[in-house]
Amino acid sequence: MGSLFLPFGALSDRFLCMGMTPYPGAPGLVSLWPSSGCPPPVAGLRLQDNGLTRPNKQLAFGSEHFSFFFFCFSTDTFEPICVKCLVLGQVRDRRWLVLAIAMVRFYMEKGTHKGLYKSVQKTLKFFQTFALLEIVHCLIGIVPTSVIVAGVQVSSRIFMVWLVTHSIKPIQNEESVVLFLVSWTVTEITRYSFYTFSLLDHLPYFIKWARYNFFIILYPVGVAGELLTIYAALPYVKKTGMFSIRLPNKYNISFDYYYFLLITMASYIPLFPQLYFHMLRQRRKVLHGEVIVEKDD
Amino acid sequence: MKHYEVEILDAKTREKLCFLDKVEPQATIAEIKNLFTKSHPQWYPARQSLRLDPKGKSLKDEDVLQKLPVGTTATLYFRDLGAQISWVTVFLTEYAGPLFIYLLFYFRVPFIYGHRYDFTSSRHTVVHLACICHSFHYVKRLLETLFVHRFSHGTMPLRNIFKNCTYYWGFAAWMAYYINHPLYTPPTYGAQQVKLALAIFVICQLGNFSIHMALRDLRPAGSKTRKIPYPTKNPFTWLFLLVSCPNYTYEVGSWIGFAIMTQCLPVALFSLVGFTQMTIWAKGKHCSYLKEFRDYPPLRMPIIPFLL
C-alpha cells in the first residue's frame, strides 16, 4: 500500500502533516492539519460551532491499521532505514501527542481532572494494547531494548489500563490516575521521538538528552501514580470480590484479586529499581560514554 | 619424554594467572585443574572452565594434553563458573522439600486452614490416595538420586538450588493446599475417574523407573560414556522405539494421571509447566543425540511419539 509521508524534520513548524492510505476497510484517515490561526482540528477533538473544541468521545483511528511487517536488521546501527519503521515511529509518536493534547485541552476547558480518564480512555486502551507490538519489535531487533525489559514494561501498562483503571470504575477520577497518565505520555513522546530521529540519522542532542534524563523524574512519578491508584482501588476490590474464585468449586482452585493486587504492589519493590538502574546505566553509557562491562554468566 | 608447559590466562582480562612447567604429555585437563587449584585455592576444580579459545567451548576433564591442538607450550584460558554445588545435593534438597511440605498440608498442621480443622483428616478416599501417590513419587525420586542415576556433571551453579527449590517447593505447597483443603471437591466422575487416573499414574511411574534403570545400564559405574539407548526386554522400555526421552514422557503421564485423579487445576498447571521444561530438555537431548550419532533411529521424536 502506498503511503505518503514527509520527513519529521520538515514538520517542525507544522503540526505533523501526514496523509496515509490505510488498508481497504480501515475506518478512515487520521491526519493533523497545519495550524493556521484557529485551533487545529486534532483527531480526538471536535470543533464546535462556537469555535471551541471539545474532546471527542470517539477517536477515528485508521492509520494504526497498517501492516506491521518489518524486516530484521542490525540493532547496532539503524540501517537500512525502513520506510514503514519511520512511519510507525511517527504514527506512535503522534498518537501519544494526540493523547497529550487531548488531556491538556480537556484540563484547560474543564479546569478539573475529573472525567479526564473517561474522555481519553478509548485512545489510551487502544494505543496501550497496541504496545504489545513493542515486544515483537524487540524480538525482531528494530528496537534495541531487551525483550524482558520491554515485556515487563508493557505488561505493567496493560495491567494498569485494563485490570485496574478500566475494571474498577470508582478510581477513574483519582488524582493518581492523572499522575501516571501524564508520566506515560511525556515518556512515550520523548522515547518515540528519539527512535524516529535516530532512524533518520538526525538526532538532535536535546531529544537524546530528554530521553535519557526525563525518566529520572518521570519513572518515580509514574510508579507513584500507579501504586497510589492500585492502593485506592483496594477497598472496592475487597468489597465486591471482583475477579475472584472461591472454594469450593469443581476445579479445586481459588484466586483472590485483592491479594493479587497486594502482591503486585509488592513486586514493584524488586522490579522498579532494576528497571531504573538499567536506565541509569544506559544513561551513563550513552550520554557520558562510559564503558560498562556487563556481567556475564 | 618431552614435557609440556602450560600457561593459564584469564579469558576476559588475558592476565597471566598460572604457569605450569614439566607437565606430562599424558596429563588430563582434570590434573591440570588440580595443579591450578594449588596456586589459586579459591578456584576449586569444579568451578574452573579451561578452554583453548577465550570464547570457545570448555575442555572436558578427560581430554589429554597431548591430543589437544597445542604446541609444547599450551595456552589455556580460564573462566570462573561461580560457586558450584553438587547435583546430588541439589536433587536431594529439591525432592525432600515437596515430600515434607505435602505432609504438612495432609495432616493439616495449625495455621494453614482454620483452627477447627487442625489435625483433622479428610473424609474423601481420593485425598488419602493422593497423599500416598505424591509421597511415593518423591520417595522414588530420592532413592533414584541416591542409587540409580549416573550424572554426567558433578556440579551445577549454586544459584540453581534456590531457583529449583522455589519451583518444586512452591508448587508442592500450592497443590497440597487445595487437595487437602476441608472444602476440597472430589472428582466429578467419582470412583471410576479415580481408578482410571490411578492406573495411568502407576503405569507411568513404573515406566519412568524402567527407563531410569535402562539408562543406568548404558553406562558403567564411574564412566561418562554416551551411547544410544535401545528398548530392552522390559515392555516399558519399548517407548524408546518412538521417543528419545521416554523418562520425560512417563513423567508427564504420571502428573496428568495425578491431575485427573485429584481434579485439581493447580496440579494441571504444574504438569503444564513441567511439560514445557521437559520438552525443552528433550529437544536438546534429541539434537545432541542426532549430532553425536550418525545412525540415530529416524523414527524417534524427542518427547511425544510422532508429535513433539
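Here the sum of -39500 (n - 2.57) over DSSP H runs of 4 or more residues, divided by the residues of chain B, equals -17000 deg cm²/dmol at 222 nm, to the nearest 500. How large is ³J(HN,Hα) for each residue in region B:177-192, as worked out from phi by the Karplus curve 6.51 cos²θ - 1.76 cosθ + 1.60 (θ = phi - 60°), to whole Hz, x for Gly and Pro? Couplings: 4, 7, 5, 9, 6, x, 9, 4, 9, x, x, 4, 9, x, 4, 4 Hz.
For the pair B:I203 and A:F255, how long in nm is the line joining their label points, each one 7 Å along Cα→Cβ? Output for this residue pair reads 3.3 nm.
Ordered from longest to shortest, the equivalent ellipsoid semi-axes for chain B are 46, 24, 14 Å, each the square root of 5 times a Cα gyration tensor eigenvalue.
Measuring between their Cα centroids, region A:230-257 and region B:76-132 lie 27 Å from each other. Between the Cα long axis of helix B:29-39 and the first principal axis of chain B there is an angle of about 80°, rounded to the nearest 10. When DSSP assigns beta bridges and you keep just the ones with both residues in region B:1-90, what percent turn out antiparallel, to the nearest 5? Antiparallel: roughly 60 percent of the beta bridges in region B:1-90.
Once both labels are positioned 7 Å from their Cα atoms along Cα-to-Cβ, the gap between B:F136 and A:L271 label points is 4.1 nm. Remark on B:V243: its backbone amide H falls under 5 Å from those of B:M301, a criterion applied only to residues 5 or more positions apart or on other chains, H modelled at 1.01 Å from N.
Calculated FRET efficiency, B:D118 to B:K163, Cβ-Cβ distance, R0 = 35 Å: about 0.60 to the nearest 0.05. Couplings for region B:149-157, taken from phi via the Karplus curve 6.51 cos²θ - 1.76 cosθ + 1.60 with θ = phi - 60°, read 5, 10, 7, 5, 10, x, 9, 9, x Hz in order; Gly and Pro are left as x. With a simple spin-label model that places each label point 7 Å from the Cα along the Cα-to-Cβ direction, the separation between A:K118 and A:K169 comes to 1.0 nm. Subtracting the Cα-Cα distance of B:L52 and B:F107 from their residue separation scaled by 0.36 nm leaves 14.2 nm.
3J(HN,Hα) along region B:90-101: 4, 4, 4, 5, 6, 8, 5, x, x, 4, 5, 4 Hz, from the Karplus curve 6.51 cos²θ - 1.76 cosθ + 1.60 with θ = phi - 60°, whole Hz, x for Gly and Pro.
Laboratory data are not the source of any read-out in this text; all were calculated from the coordinates shown. None of the values given here were measured: they were computed from a predicted structure. All Cβ positions, even for glycine, are placed from backbone atoms using ideal geometry, and neighbour counts span all protein chains on display.
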